[in-house]
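As structure tokens, the structure follows; a few thoughts come after it.
Computed from the coordinates by the stated procedures, all read-outs in this text should not be read as laboratory data. Please read all numbers here as calculations on a predicted model, not as lab measurements. All Cβ positions, even for glycine, are placed from backbone atoms using ideal geometry, and neighbour counts span all protein chains on display.
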């Protein structure tokens, strides 16, 4: 998954506000025992992806996660014994447990995909530095996010070059993983070390880290949508605390 430029409301929303919503929804689907909440969260994330101009079925690896979610659903349904029988070995508690577990997985995947595809990495690092993240850590985060596409291209080039030279990547079993570890990961590791060394020399020559504070070329503006999203986040937190208090009283 990577950032996809756009002009939707989510694209223009402040990265910290989106990150706060992602953390809150992720925590909520695990803290509350409702089986319907993860499904509603997943449906909401899919709708937001669609409204942002991103087709949910084009998310890389979504099919794998759907298969894993289906396997979790079946496993929980058959393993958990309790409640009223529904059909054969399937019980009400087992079905609720399976729906809850698979829904949580799907909600986390879709929420993460929504955040990554609508948040520019540079803006995310800059926004985190605005709220107190040390700029050295922010630079490390920004560098890691920027180097991911470069390593992806290099891995593809190394893979193609070694296929031409006769490396048997079409082998099966453990031999295939050993070949990938030996012939593909080693060149990428050497390239990463070389790139990190060059980057460290470049930043040292420019005096990076010499001062406790630094200036920035670009800022991440805040708008009315950020205020509305932040207010809704606070209201949802208060509502969750109120519901929890009612249940415990």
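A few notes on this one:
- Percentage of interatomic Cα-Cα distances in the chain larger than 33 Å: 41 percent
- Ellipticity estimate at 222 nm from DSSP helix runs (n ≥ 4, -39,500 (n - 2.57)) divided over the chain, nearest 500: -23500 deg cm²/dmol
- Between residue 146 and residue 197, the distance separating the two model label sites (each 7 Å from Cα on the Cα→Cβ line) works out to 2.1 nm.
- Taking the convex hull of the alpha carbon positions in the stretch 34-95 and averaging its projected area over all directions gives 4.9 nm².
- Ellipsoid equivalent to the stretch 9-119 - semi-axes via the Cα gyration tensor, in Å: 30, 15, 10
- Label positions at residue 155 and residue 247, each projected 7 Å from the Cα along the C-beta direction, are separated by 3.9 nm.
- Just checking the listed ones, 218, 146, 126: in the Gaussian network model of the chain with Cα springs under 10 Å, the one fluctuating most is 218.
- Annotation: the residues 106, 133, 189, sorted from fewest to most other C-beta atoms within 10 Å of their own C-beta, follow the order 189, 133, 106.
- What the Cα convex hull of the stretch 134-205 gives, in volume per residue, is 97 Å³.
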